[in-house]
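The values are calculated or read from the model by the stated rules, or taken from the named source; none is laboratory data. As the structure is a computational prediction, the values presented were derived from the model and not from experiment. Cβ sites come from the backbone with ideal geometry, for glycine too, and all protein chains shown count toward neighbours. Surface areas here come from the heavy atoms of the whole protein model, side chains and all, with no ligands, DNA or RNA. Shrake-Rupley method; radii C 1.70, N 1.55, O 1.52, S 1.80 Å.
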Amino acid sequence: MTPDPTRLFARRASLARAWRLLSEFRFEQSDPARFYGALAADTAAMVSDLWQATHGERPAGRTLLDVGGGPGYFSAAFADAGIRYVGVEPDPSEMHAAGPVPAAGAANFVRASGMALPFADDSVDICLSSNVAEHVPRPWRLGAEMLRVTKPGGLAVLSYTVWLGPFGGHEMGLTHYLGGARAAKRYARKHGHPAKNNYGSSLFALSAAEGLEWAASTGAAVAAFPRYHPRWAWWLTNVPTLREFLVSNLVLVLQPQE
């Protein structure tokens, strides 16, 4: 029987942590290094806790593949945790958005699609995808690729923004409740250009129910919880309809077996 992978991270999932991350979110556009640096450190701590809870040791020395690694903030955070980091990013402008990649991650980025990972089966200990699934047209193809490259007994951690949650529209704000296409047109009309996270091309409506159903269908699901909520609010994941509006960001933890 697989130990509860969330038992250590649950202690970290406090109201103070949730408030701290929410406070940092306001700097996403004005000071991305501050926001993404804080998010990366929190993500590295979460993944380390999930690994220790299931394996009885910290993941130092293990290899992690980050699908949609972006400009390198996560590379530095995982290097600090002693984890061998490999990032996959299809967009070269996104890969270099923060300028030169930190020294810790200078030689470990691959330009590729998360839906066709250029890695062998069972080749990494941990496969992570943080806030990427809602940006691809076939999110569960991405999920299947993550499971394919993860070693039996390893962990695949897929986290994504739920469409009907308050941050589902990304920079379009709450206008996504008017409908994705309408929100996209309204943003372009107001700003004179499409949103970076543009509905229908780089942003898609992804529900919590879809993720939970996919995870269950793989036979590898071991946990699901709201990424930024305090532990006492995790019950929301189990309530249909309510979870679509209040979970905000869903974490799916999977452990492939032989």
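Which one is modelled with the highest pLDDT, of the residues in the range 189-210 that are under 16 Å from the mean Cα position of the chain (by Cα) and among the hydroxyl-bearing types (Ser, Thr, Tyr)? Outline the logic, then answer.
Step one: filter the range 189-210 for residues under 16 Å from the mean Cα position of the chain (by Cα), giving 197, 202-208, 210.
Among the residues that remain, those that are also among the hydroxyl-bearing types (Ser, Thr, Tyr) are: 202, 207.
Values: Ser202: 93, Ser207: 98.
This residue is Ser207.
Having 3 or more residues that are hydrophobic (A, V, I, L, M, F, W, C) and either closer than 27 Å to Arg11 by Cα or open to solvent by 80 Å² or more (accessible area, probe 1.4 Å) (or both) is the bar; report the helices (runs of 4 or more DSSP H) wholly within the range 168-258 that clear it. Walk me through how you get there before you give the answer.
Numbers: elements: 180-191, 208-218, 242-246.
Hits in the range 168-258: 208-218, 242-246.
Only one of these conditions is not met by Glu244: (1) over 22 Å from Met172 (Cα atoms); (2) modelled with pLDDT of 95 or more; (3) acidic (Asp, Glu). Which number is it?
(1)
Quick one: is Leu39 on the phi < 0 side of the Ramachandran plot and touching a Cys at 6+ places or on another chain (Cβ under 8 Å)? Can you show your working first?
Values: on the phi < 0 side of the Ramachandran plot: yes; touching a Cys at 6+ places or on another chain (Cβ under 8 Å): no.
When the stated conditions are applied, Leu39 does not pass them.
Regarding Asn131, is this residue in contact with an Asp or Glu (Cβ under 8 Å, 6 or more places away or on another chain) and touching a residue at least 12 places away in the same chain (Cβ under 8 Å)? Can you show your working first?
Working: in contact with an Asp or Glu (Cβ under 8 Å, 6 or more places away or on another chain): no; touching a residue at least 12 places away in the same chain (Cβ under 8 Å): yes.
Answer is no for this residue.
Quick check on my filter: what residues within the range 133-160 are touching a strand residue (DSSP E or B) at 6+ places or on another chain (Cβ under 8 Å) and among the basic types (Lys, Arg)? I'd like the intermediate steps shown before the answer.
The first filter runs over the range 133-160 and keeps only residues touching a strand residue (DSSP E or B) at 6+ places or on another chain (Cβ under 8 Å), leaving 133-135, 139, 142-143, 145-147, 149-151, 154-160.
Selection gives Lys151 alone.
Kindly provide the set of residues from the range 20-33 that are closer than 25 Å to Gln52 by Cα and either outside any helix (DSSP H, G or I) or open to solvent by 70 Å² or more (accessible area, probe 1.4 Å) (or both), ordered by number.
Residues of the range 20-33 that are closer than 25 Å to Gln52 by Cα, as a first pass: 20-21.
Across the range 20-33, the qualifying residue is only Arg20.
It is to be established whether one or more residues within the range 39-58 are farther than 22 Å from Ala223 by Cα, small (Gly, Ala, Ser) and open to solvent by 20 Å² or more (accessible area, probe 1.4 Å). Don't jump to the end; show me each part of the working.
We begin by selecting, within the range 39-58, every residue farther than 22 Å from Ala223 by Cα; these are none.
Checked the range 39-58: no residue is farther than 22 Å from Ala223 by Cα, small (Gly, Ala, Ser) and open to solvent by 20 Å² or more (accessible area, probe 1.4 Å).
Scanning the range 1-19 for residues that are part of a helix (DSSP H, G or I) and not hydrophobic (A, V, I, L, M, F, W, C), which turns out most open to solvent (accessible area, probe 1.4 Å)? Lay out the reasoning, then the answer.
Residues of the range 1-19 part of a helix (DSSP H, G or I): 9-12, 15-19.
When the remaining residues are screened for being not hydrophobic (A, V, I, L, M, F, W, C), the result is 11-12, 17.
Working: Arg11: 181, Arg12: 94, Arg17: 3 Å².
This residue is Arg11.
For the range 131-142, check the following and say yes or no: at least one residue is under 30 Å from Thr54 (Cβ atoms) and surrounded by fewer than 16 Cβ atoms within 10 Å (Cβ to Cβ).
So in the range 131-142, the residues under 30 Å from Thr54 (Cβ atoms) come out as 131-136, 138-142.
Remaining after also requiring surrounded by fewer than 16 Cβ atoms within 10 Å (Cβ to Cβ): 138, 141.
Among the residues of the range 131-142, at least one is under 30 Å from Thr54 (Cβ atoms) and surrounded by fewer than 16 Cβ atoms within 10 Å (Cβ to Cβ), which makes the answer yes.
Inside the range 213-244, can you point out the residues that are farther than 26 Å from Lys151 by Cα, more than 18 Å from the chain's Cα centre (by Cα) and of a type outside the set (Val, Ile, Thr)?
Within the range 213-244, the first condition is being farther than 26 Å from Lys151 by Cα, and the residues that meet it are 228-244.
Now narrow it down to the ones that are more than 18 Å from the chain's Cα centre (by Cα): 231-233, 235-236, 238-242.
Once the filter is applied, which keeps residues that are farther than 26 Å from Lys151 by Cα, more than 18 Å from the chain's Cα centre (by Cα) and of a type outside the set (Val, Ile, Thr), the range 213-244 yields Arg231, Trp232, Ala233, Trp235, Leu236, Asn238, Pro240, Leu242.
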